[in-house]
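Encoded as structure tokens, the structure appears first; notes follow it.
Each reported figure results from applying straightforward, stated rules to the coordinates on display, with no laboratory input. Just so you know, these numbers come straight off a predicted model, no measurement behind them. We place every Cβ from the backbone using ideal geometry, glycine too, and count neighbours over all the protein chains shown.
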Amino acid sequence: MPIFVILALALFAQQTRFKPFRSSKEWLSLEFAKYFKRFYLVYERIPEESQPTILCVHPHGVTSIGFGSLFLRPELDHIYFCFSNLLYLTPICRNWVNLFGNPGSVAKHFLTNLIRQSKSFAIIPGGFEDATIFKQGVDRIYLKERKGFVKLALQSGYTITPTYVFGEKNLYWNAQGLWGIRLWLNTHGIPGIFPFGRWGSLLPRPEPLYIAVGEPVVLPKIEQPTSLDVAEYHARYVVALEQLFERHKVAAYGNRAKNLKLEIW
């Protein structure tokens with residue numbers, strides 16, 4: 001019986017955008033943050049609703065804790081947080097997430113529809129590949145071959161806002177090696193991860209988190225960008241992300257991080 005009540009509430013919330021759930025976002029965000037030893041969220045500039053942007057969050061980690069915590073922030077309520085289409089199409093997942101914000105899919109047709117409405121959206125550019133190459137204690141992301149979001153931004157005139165979650169690397173352990181097979185699984189929508197978290201479970205370890213949301217990278221609007229255009233502005237984005245990492249790494253990790261570099265695959 002309880003499962004039917006839960007499903008009914010989830011469906012009701014999806015259809016009505018039930019306000020009591022929405023108004024509890026700030027409380028839930030604060031409670032979520034308390035799970036960790038320390039939690040910091042720093043904005044170099046809060047994304048404005050009047051300027052559509054693609055909020056790019058790195059790294060994916062195992063369970064995207066940083067991405068999820070941003071989803072709960074009331075000041076980002078105008079942003080659609082887009083994740084795996086497989087998860088988005090799962091009714092229970094989509095309906096419950098709908099209680100607290102704007103979920104979305106990374107499917108091209110969904111993103112295109114948001115762009116038509118000039119809506120901002122958040123993605124994790126590294127996707128499953130980012131999760132697969134995750135290594136405990138290492139700031140590592142999958143980005144060199146991820147350029148589709150840059151093309152979308154050029155075509156639509158959107159800015160791109162780099163965001164980095166310091167400490168996501170410490171929440172889990174993940175087996176290393178066999179990259180060829182595991183990255184091949186990613187091409188079929190299967191995350192190639194073998195993780196363990198707190199107490200050997202899938203709960204994240206309560207390690208400190210520090211999330212830095214950077215200044216938006218402004219791109220020109222090019223309706224038909226060439227591969228050279230995309231490569232040029234992708235390179236600019238990578239530099240902006242690296243600079244964001246450099247500006248905040250000591251605040252996030254302490255003086256021991258002075259010589260730390262972001263590892264980009």
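Quick notes on this one:
- Assigned charges on the beta-carbon of Lys, Arg, Asp, Glu; the chain dipole about Cα centre (debye): 420
- Secondary structure note: in the chain, about 25% of the DSSP beta bridges are antiparallel.
- Among P204, P162, P225, residue whose mean-square fluctuation peaks in a GNM of the chain (springs only between Cα atoms under 10 Å): P225
- Gain on full extension, evaluated as 0.36 nm per residue between R198 and A33 minus their Cα-Cα distance, stands at 57.8 nm.
- Positive contributions from Lys and Arg (+1) and negative ones from Asp and Glu (-1), summed over other residues with Cβ under 11 Å from the Cβ of E207, come out at +4.
- Along the chain, counting only trypsin sites (Lys or Arg not before Pro) with a DSSP assignment other than H, G, I, E or B and at most 14 other Cβ atoms inside a 10 Å radius, the longest segment between sites is 46-134.
- Projected area, mean over directions - the chain, Cα convex hull, nm²: 15.0
- If R0 is 30 Å, the Cβ-Cβ spacing of T226 and I264 corresponds to a FRET efficiency of close to 0.80.
- For the chain, built as a Gaussian network whose Cα springs stay under 10 Å, the top-fluctuating residue of I160, I65, I46: I46
- Within-15-Å neighbourhood charge of L185 [Cβ basis; K, R +1; D, E -1]: -1
- For the chain, the 222 nm mean residue ellipticity estimated from helices alone, with every DSSP H stretch of n ≥ 4 adding -39500 (n - 2.57) and the total spread over all residues, rounds to -11500 deg cm²/dmol.
- Taking all pairs of distinct alpha-carbon atoms in the stretch 188-236, Kirkwood radius in angstrom: 15.7
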